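Engineer: My structure is below; once you've seen it, I'll send some questions.
The values are calculated or read from the model by the stated rules, or taken from the named source; none is laboratory data. All of these numbers come straight from a predicted model, not from anything done at the bench. Quick reminder, even Gly has a Cβ in these numbers, built from the backbone with ideal geometry, and neighbours come from all protein chains shown. Protein only, heavy atoms only, side chains kept; ligands, DNA and RNA dropped before computing areas. Shrake-Rupley method; radii C 1.70, N 1.55, O 1.52, S 1.80 Å.
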Amino acid sequence: MVVVLCVLLALFVLAAAVLACEVYVLKKSVREIAEQTEVKFRECSNSPVAPLSGDASVRRLASFLTEEIDAVLAARRQYEAGNAELKRAVTNISHDLRTPLTSAAGYLGLLERGGLSEKQAEYVRIVSGRIDAMRVLTEELLDYAVAASGDPPAGADICVNDVLEDSLTQFFVAFAERGIEPSIDLCDARVVRRADKESLARIFGNIIHNAVRYSDGDFSVRMSESGRIEFENAAAGMDEVSAGKLFDRFFTVENGRGSTGLGLSIAKALAEKLGFSLDAHWRAGRLLICLQM
């Protein structure tokens, strides 16, 4: 009886040892698969996921992952190539449109000085307005293409308080024309970030310009020491869905106001390039745009 128990105990120990070895090998294989998968994604490598394990199931899993990752990487390369080509096309079109639009505006100026009838002058003003709108769209298309492509601009340590204050000052006349008295709460502490000053000023300018255009009568800006800046205004005509689309290219709340719908898209692209986040929320009739630096 004792002999039988000893044999059973020995078999149990052996089985446990074998099981432990299999678990160890399996864990090692999973770790190898995870590491190789991470490297393959990070480096866009063509190397297969190939753990050292000889287990058929593990090898089959590795082969499946290799095929799927290769398909994802191929789709990513195709998307990036198409996106780059689209940006180049937008840039080229924007450049190509500048010259004929400038020429057309010049000829219209000559017509206006040529003694037109009242009806003819009205037609010229209409055409001139359309040309101006096209010029604005062309410039913003070019700005968007530049903002959404290329490497981040070289940055320097800048005081965000000063840049924001300068940007607000440029819109005081526009606020007065709309009857808006802005509420400004900038923290006393200097908020310093490493960024491109011109890009940051463009972000602030586009956000403030959007508020001037679409606010229902008020505007406030608050900045905290943490680098969070909140721009808020009444926006009864919006909802959560339209707020979520504010950064989409060509999206406008009201097409009739002459907006290209690219201003906030440019701000978003520039913010992400600088390593910041920009989002929008709408609640209880108010729009809140938050920039976290």
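Engineer: Could you please report the charge total around Arg135, scoring K, R as +1 and D, E as -1 over all other residues with beta-carbon less than 14 angstrom from its beta-carbon?
Structural biologist: Overall, the nearby charge balance is -3.
Engineer: Spelling out what I want: for every residue of region 168-174, take phi, set θ = phi - 60°, compute 6.51 cos²θ - 1.76 cosθ + 1.60 (Karplus), and round to whole Hz; glycine and proline get x.
Structural biologist: Using θ = phi - 60°, the values come out as 5, 4, 5, 10, 4, 5, 4 Hz.
Engineer: So, with a 1.4 angstrom probe, what is the percent of accessible area on the chain that is carbon and sulfur?
Structural biologist: About 58 percent, which is the carbon plus sulfur part of the accessible surface.
Engineer: Which of the aspartates and glutamates could a cross-linker span from Lys27 if the Cα-Cα distance has to be under 20 Å and same-chain partners fewer than 8 positions apart are dropped?
Structural biologist: Glu35, Glu38, Asp55
Engineer: Still on this structure, I have one more. Below 9 angstrom from the Cβ of Ser220, what's the summed charge of the other residues (Lys, Arg +1; Asp, Glu -1)?
Structural biologist: Result for the local shell: -3.
Engineer: With r as the distance between the Cβ atoms of Val39 and Ala75 and R0 = 22 Å, compute the FRET efficiency 1/(1 + (r/R0)^6) and round to 0.05. Let's see the in-between values first.
Structural biologist: Details: r = 19 Å, r/R0 = 0.86.
Using R0 = 22 Å, I get an efficiency of 0.70.
Engineer: Once you've got the Cα coordinates, tell me which of Lys40/Lys245; Lys119/Lys245; Lys40/Lys197; Lys28/Lys273; Lys87/Lys245 are over 31 Å apart.
Structural biologist: Flagged as over cut-off: Lys40/Lys245; Lys119/Lys245; Lys40/Lys197; Lys28/Lys273.
Engineer: Taking only protein heavy atoms and a 1.4 Å probe, what accessible area per residue, in Å², does the chain have with all protein chains in place?
Structural biologist: In whole numbers, the chain has 61 Å² accessible per residue.
Engineer: Rolling a 1.4 angstrom probe over the protein chains, ignoring ligands and nucleic acids, what is the accessible area of His281 in square angstrom, nearest 10?
Structural biologist: 70
Engineer: With an 8 Å Cα cut-off and a minimum separation of 6 or more residues, compute the relative contact order for the chain in percent.
Structural biologist: Working: 329 pairs, mean separation 38.9, N = 293.
The normalised contact order for the chain reaches 13 percent.
Engineer: Calculate I(q)/I(0) for region 86-212 by the Debye formula, one identical point scatterer on each C-alpha and no solvent, and give its log10 at q = 0.23 Å⁻¹ to two decimals.
Structural biologist: Rounded to two decimals, the profile gives -1.21.
Engineer: For region 25-71, taking Cα atoms only, what is the radius of gyration to one decimal and the Dmax to the nearest whole Å?
Structural biologist: My reading of the Cα-based Rg and Dmax gives 9.9, 29 Å.
Engineer: While we're looking at this one, here's another question. For Rg and Dmax of the Cα atoms in Å, pick the label among (1) 30.2, 124; (2) 19.3, 64; (3) 22.4, 68 that corresponds to the value derived from the coordinates.
Structural biologist: Correct label, based on the coordinates given: (1).
Engineer: Restricting things to Cα coordinates, could you compute the convex hull volume per residue of region 136-287 in Å³?
Structural biologist: 110
Engineer: At 0.36 nm per residue, and after removing the present C-alpha to C-alpha distance, how many nm does the segment from Glu118 to Thr102 gain when stretched out fully?
Structural biologist: 3.3 nm
Engineer: Explain nothing, just compute: Karplus ³J(HN,Hα) = 6.51 cos²θ - 1.76 cosθ + 1.60, θ = phi - 60°, for every residue of region 264-273 in order, whole Hz, x for Gly and Pro.
Structural biologist: Working through the residues one at a time gives 6, 5, 5, 4, 5, 4, 5, 4, 5, 5 Hz.
Engineer: If you plug each phi of region 276-293 into the Karplus form 6.51 cos²θ - 1.76 cosθ + 1.60 with θ = phi - 60°, what whole-Hz ³J(HN,Hα) values come out, in order, with x for Gly and Pro?
Structural biologist: Calculated HN-Hα couplings, in order: 9, 10, 9, 9, 9, 9, 10, 8, 6, x, 10, 9, 10, 10, 10, 10, 10, 10 Hz.
Engineer: Taking the 0 to 90 degree range and rounding to the nearest ten, how far is the long axis of helix 56-112 tilted relative to the main principal axis of the chain, both from C-alpha atoms?
Structural biologist: Long axis of 56-112 versus the principal axis of the chain: about 10 degrees.
Engineer: Pick out which of Gly179, Gly114, Gly82 has the largest mean-square fluctuation in a Gaussian network model of the chain, springs linking Cα atoms closer than 10 Å.
Structural biologist: Gly114
Engineer: Return the calculated 222 nm mean residue ellipticity for the chain, to the nearest 500 deg cm²/dmol, obtained by summing -39500 (n - 2.57) across DSSP H runs with n ≥ 4 and dividing by the residue count.
Structural biologist: Result for the chain: -21500 deg cm²/dmol, rounded to the nearest 500.
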